[in-house]
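As structure tokens, the structure follows; a few thoughts come after it.
The values are calculated or read from the model by the stated rules, or taken from the named source; none is laboratory data. Remember, it's a predicted structure, so these values are computed and weren't measured experimentally. Cβ sites come from the backbone with ideal geometry, for glycine too, and all protein chains shown count toward neighbours.
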Amino acid sequence: MMKVRLIQNGLITEIDDVEEAAAPPVNGFYWIDATPFDLDVLQPLFGLHHLAVEDCIDEEEQRPKLQLYDDHYFLVINGIAFHNQDIFLREINVFLGTHAIITVTKQEAPEFSTMMTLLREKEINRPDTFLYYLVDQIVDRYFDVIEKIEDLIENLEEQILMNTRKSHLDQIIGLRSEILYARKMLVPQRDLIDALHKKELPLIRPTMRKYFGDILEDAAKIVESFETFRELIGNLREAYQSALAGRANDIMRVFTALTTIFMPLTIVTGIYGMNFDNMPELHSHYGYFVVLGIMAVIGLTMFLIFKRKEWL
């Protein structure tokens, strides 16, 4: 449901009729929180460019970008969430005008709840200031996700080193896919913030551009973090393969040692299993027990030797 608010130096007033927001207020600006279904009303009322409207309605995911039109700008920004080892990007579309800012989302954005608090505390009174705090909130949430991914990679590495399982490879592949997916959106988002910082944009005051510069530094750190994650995932895969190879070597070493122990015992049993008549030992009263004793000594001696060499 569309919500129209008049923002005046920290004072927030709910507006029932959206047409009232078409005219500039005496003081402050309008924030219109809408969904794609509301654009049929908003487009003619605010003269929104049809290409930007199509991007909002399009089911395909839009990359972060900044498009400049005659009397308004269109921005696509991605919020982020991390749940059950999956990264979710939430597309936030923003129309920035002279006296109003329109946010269009397909699902509820948690950043908006924080913005309600900031509007009062910071006494925000202009659309470009609102845009700065909104972008700042979006970027800050990436650091929470980065911390969770770091913990996940660290725990996964410990599990691989302690007890390698097939499920670990599935986790590695899935996490790598999620990181590459997020990174694909992070670079254009950094470029978007760079444009807000460096470009001369009439709807953004020069005094506000330096604040976007602070956000740009954070956006660059986020991109670097995801680059690092990609390398760490590669290291995890190598650790997984090394652990598997080490386990296979351990198994082969044990099998080799056991085979070597039983080899002389097999020779002894093979000799006495030939049943020739001219074998005096076959008629010995204690021959059976003597041979068993010799085989036990041979087996135990070889076992102790391999144990000392840590083959078993």
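Below are the figures for this structure:
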item: Evaluation of Glu60 against (1) under 20 Å from Arg126 (Cα atoms); (2) out of contact with any Leu (no Cβ under 7 Å at 6 or more places or on another chain) (one fails), failing number; result: (1)
item: Any hit, the stretch 48-56, residues being in contact (Cβ under 8 Å) with a residue 24 or more places away in the chain and not in a helix (DSSP H, G or I); result: yes
item: Those residues of the stretch 19-42 which are part of a helix (DSSP H, G or I) and either within 20 Å of Leu134 (Cβ to Cβ) or at pLDDT 95 or above (or both), in sequence order; result: Ala21, Pro36, Asp38, Leu39, Leu42
item: Residue within the stretch 70-83 that is in contact with a Lys or Arg (Cβ under 8 Å, 6 or more places away or on another chain) and either free of Cβ contacts under 8 Å to residues at least 12 places away in the same chain or among the hydroxyl-bearing types (Ser, Thr, Tyr) (or both) present; result: no
item: Qualifying positions in the stretch 131-142 - in contact (Cβ under 8 Å) with a residue 24 or more places away in the chain and more than 14 Å from Ile87 (Cβ to Cβ); result: Leu131, Tyr132, Leu134, Val135, Asp136, Gln137, Ile138, Val139, Asp140
